[in-house]
Every structure is written in C-alpha cells, then in structure tokens.
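Please treat every number below as a calculation from the coordinates, not as lab data. Because the structure is a prediction, the values reported are computed rather than measured. Cβ coordinates were reconstructed from backbone atoms using ideal geometry, including for glycine residues, and neighbour counts include every protein chain displayed.
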Amino acid sequence: MMCKVSFMLVQIMRKHGSQKVFINFPGNRAVEGAVTQSSTFAGWFAEKATDSNRGFKQLNTACTSTLNESNPWWRLDLRDVYRVSEVVITNRNDSYAGQINGAEIRIGISLENNGSNNPICAVISTIPAGESYNFSCNGMEGRYMIVHIPGDWEILSLCEVEVYGYLAENLAVAGASTQSSTSENWFAEKAIDRGLQQLYTGCSSTLSQTNPWWRLDLHHIYRVNRVVITNRNDCCAERINGMEIRIGNTLENNSNNNPICAVIPAIPAGESYSYSCGGMEGRYVNLIIPGDMKILTLCEVKVYGEVLN
C-alpha cells in the first residue's frame, strides 16, 4: 500500500538570505543507520538518501545514484532489529523520475545477495518527480532495508529514504548469562550488551576446553522464534563452526541436554546470522561447541519470542 505524503517547511533567516529547510519527522530510524549502494555515480553517494533533505538543495548534492548496471541496490543498516511500520521514498525531481519504476523495498536480517533476498514490503510502480510516497510494511522485522531494481541496465536514484518503526524486543538484554569458563575479561555478559562496545571489550569468550558453553536465562518460559548470533570480527571467526543452539527448561548437563534449535556451520567474521527456532519453548538458551580444545566466542546474542501465558 502506498500514498502520497506531505511534509513541513520552515523559513530560517541567515546572513545571506533565507533558506528552505526540511524538518525531519520524529522517529525516522534511517538517520541513525549506515548506508551503502551497489555502485556510485560521480558524487551521488549513498549517504545522501538519509541526510534529512528531500531535495530542497540542488539535485546533484541531495540525491543518490548508482551507475547503469544489473540489479542496482541501496541498503540501510538500522544497526538493530526493528518492526518497520512504513518506508517513505522521495523520488528525484527531473526528467529521470521513471528510473525508480519497479523498485522493490525489502526488509529482513539477511545479507545474502546483498540483502536482496529478504522479504518484500512493497514494489514501487511509480513515484512522480519530486514527490514522496509512503509504503506500509505492517511491522515487518528486520535490520536491513533494501531498495532494489531487478533487471539489466538499470539506474537506482533516491533523494530521501525514511524508515519508521520501533525496536523489536530483544529478550536477551533482560536475561542473565553465564559460561563454562572465562578468558581474561571476556565475560559472558558482553554477549548481551547490544553490541555497543568494540571487539576486545564487547565480546565473550571461554578458555580452550572440552565442550565450551554459554547460557542465557530468560527468567520466564518463552516461545522462541529466532536467535541472532554475531561472530567475532578478527582472526578466529571459524571457531564458531559447529556450534549448537539449544532451547529448553532443564539445567541438566548445564542445559546442554535441551533440544536443538540449530547447528551453525559457519558465520563470516563480524556478521550476524539469524536462526529460526519455530516457537520452541524454553527458559534457557544454550550455545555449545562439542569437542575437545574448543573456544566459544560470542560478540552478540539476541533472542526474539513471546512469553507463555
């Protein structure tokens, strides 16, 4: 669903005259995110779509553009998982406005295919030159918002992208964590600090041992929909390979006898992968690497689900 939106203008006086300035809508999550695009034409950088300027400045200083290429895309990293209510797209205000026709808005947590495999919120049929249309996403969950034009010899240009929604509730931040051992000051709690710290101050790690594990106590029994794991971003990303995610209610064998949600074959350095648990019920989320001489390092663990009544 899409509709045209209006926005506010104010007049401010400066030494050299007056200037029209866009007042950023409250709650626009895009301005705090990080952006990139598949290619860049001249000075039409990806960041210009989140500068809170819908094109009041000159076109070539306020909008993004890729090169002419196959399947061009623009991606916003919201830095956390949000339930996205709507996305507002402002089109360029010149004779090339039709370039946006057929663009897809995708929202999700995957970086596969540069994020273009995430679920579709909307397909843009057209946006008149210089206008802003909003697209309802009905609370779709995702960390990444992608605008993508499928096809050959396409150019993607955006004059502003706004994203409105609210943080999905990460159950892990209210939980209590522990681990089988601790390497120096790589405490278990650092895996649930919302990733706000640097690698050597913001990740957990066990010692090298047999069957290292990390456990989160959610304090209540939840139906766990998914678990998001962020791997370390340095030399040793492969250490996480083979890790099991287990969810349940028993503390037997340090909770490592609970049912398996997923086995992690690999997570690239510094990336976050999501694992669907299909509503598995449990109070405890355990991560364990079976085997001898193993080290378990986690830079962030997020858990999403609903409490049982």
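Couple of notes before you dig in:
- Net length gained if the chain between residue 253 and residue 223 were fully extended (0.36 nm per residue, minus Cα distance): 8.6 nm
- Using all pairs of distinct alpha-carbon atoms, the Kirkwood hydrodynamic radius of region 211-309 works out to 13.5 angstrom.
- Over the chain: helical MRE at 222 nm, DSSP H runs n ≥ 4 each giving -39500 (n - 2.57), nearest 500: -500 deg cm²/dmol
- Between the beta carbons of residue 166 and residue 94, assuming R0 = 25 Å, the FRET efficiency works out to 0.10 to the nearest 0.05.
- Highest-MSF residue in the chain out of 119, 265, 72 [GNM, Cα springs under 10 Å]: 265
- For region 153-184 versus region 242-282, the gap between their alpha-carbon centres in whole angstrom: 19
- 3J(HN,Hα) couplings calculated from phi for region 113-127 with the Karplus curve 6.51 cos²θ - 1.76 cosθ + 1.60 (θ = phi - 60°) are, in sequence order, 6, 6, x, 7, 9, 5, x, 8, 7, 7, 10, 7, 6, 6, 9 Hz; Gly and Pro show x.
- Listed by chain and number, the aspartates and glutamates placed with their C-alpha closer than 18 angstrom to that of residue 302 are 77, 80, 141, 169, 189, 193, 217, 244, 271, 281; residues fewer than eight positions away on the same chain are left out.
- Remark: the residue 126-residue 101 segment gains 8.5 nm on full extension, using 0.36 nm per residue and subtracting the alpha carbon distance.
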